[in-house]
Amino acid sequence: QVQLVESGGGLVPAGGSLRLSCGASGRTFSRYTMGWFRQAPGKEREFVAAITWRDLSTLYRDSAKGRFTISRDNAKNTVYLQMNSLKPEDTAVYYCAAASTGGLVRAQGTYDYWGQGTQVTVSS
């Protein structure tokens, strides 16, 4: 079992930055691929970024490339999402998730555990 708790959301102006954190409990955190997803009002939840546990390979949605950075600290059981140059269209509830697969995956059904989400609002 892995329990996930996100933090770091808030209200920022367009062009600003936020760093989301996701703390995990569970002794096997370091063996999970970790991902970030988001869901805007009236829209389906979508993939944002993922990072593997072994070689720290990363994967991003196109709109996040060059602006967002996913990282993890296995010693602290924490995964981060650094978001820069934020845009109003980044407004959403952001969720972290853990997948027992060892590879980079973007499909939501691949992820086994989910956090409760943290709200990010970017004002124009």
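So between Lys76 and Lys43, what do we pick up on full extension, going 0.36 nm a residue minus the alpha carbon distance?
On the way: separation 33, 0.36 × 33 = 11.88 nm, distance 3.27 nm.
Between Lys76 and Lys43, full extension yields 8.6 nm more.
In Å², and per residue, what accessible area does the chain have when probed at 1.4 Å with the other protein chains present? Don't skip to the answer; put the middle values down first.
Working: 6070 Å² over 124 residues.
Dividing the accessible area of the chain by its residue count gives 49 Å².
Can you list, bin by bin at 5 Å, the percent of alpha carbon pairs in the chain, starting at 0?
Histogram of Cα-Cα distances, whole percents per bin: 2, 13, 24, 26, 19, 10, 5, 1, 0.
What figure, in Å² to the nearest 10, do you get for the accessible area of Ser100 with a 1.4 Å probe and non-protein molecules left out?
80 Å²
Return the loop-located trypsin sites (Lys or Arg not before Pro) in the range 30-124 (DSSP other than H, G, I, E, B) with at most 14 other Cβ atoms within 10 Å of their own Cβ; answer none if there are none.
Sites meeting the loop and neighbour criteria: Lys43, Arg54, Lys65.
How much of the accessible area of the range 1-85, probe 1.4 Å, is carbon plus sulfur, in whole percent? Intermediate results must be reported in sequence, preceding the final value.
Working: 1980 of 4330 Å².
C and S fraction of accessible area: 46 percent.
For the chain, what relative contact order do you get, as a whole percent, if you take Cα pairs closer than 8 Å and at least 6 residues apart?
Details: 316 pairs, mean separation 44.5, N = 124.
Relative contact order comes out at 36 percent.
Near the amide H of Phe68, under 5 Å away, which other amide H atoms are found, from residues 5 or more places off or on another chain, if H is placed in the peptide plane?
Result for Phe68 returns Asn84.
Can you give the accessible area of Cys22, probe radius 1.4 Å, in Å² rounded to 10?
0 Å²
Which loop-located GluC sites (Glu not before Pro) does the range 35-117 contain, where loop means any DSSP state but H, G, I, E or B and the Cβ has at most 15 other Cβ atoms within 10 Å? Mind dumping the intermediate values first?
On the way: sites: Glu44, Glu46, Glu89; in loops: Glu44.
Passing sites in the range 35-117 are Glu44.
What share of the DSSP beta bridges in the chain is antiparallel, in percent to the nearest 5?
Values: 37 of 41 bridges.
In the chain, DSSP labels about 90 percent of beta bridges as antiparallel.
The values are calculated or read from the model by the stated rules, or taken from the named source; none is laboratory data. Just so it is clear, the structure is predicted and the values come from calculations on it, not from any experiment. With ideal geometry, Cβ positions are generated from the backbone for all residues, glycine too; neighbour counts draw on all protein chains shown. We work out accessible area using only protein heavy atoms, side chains counted, and drop any ligands, DNA or RNA first. Shrake-Rupley method; radii C 1.70, N 1.55, O 1.52, S 1.80 Å.
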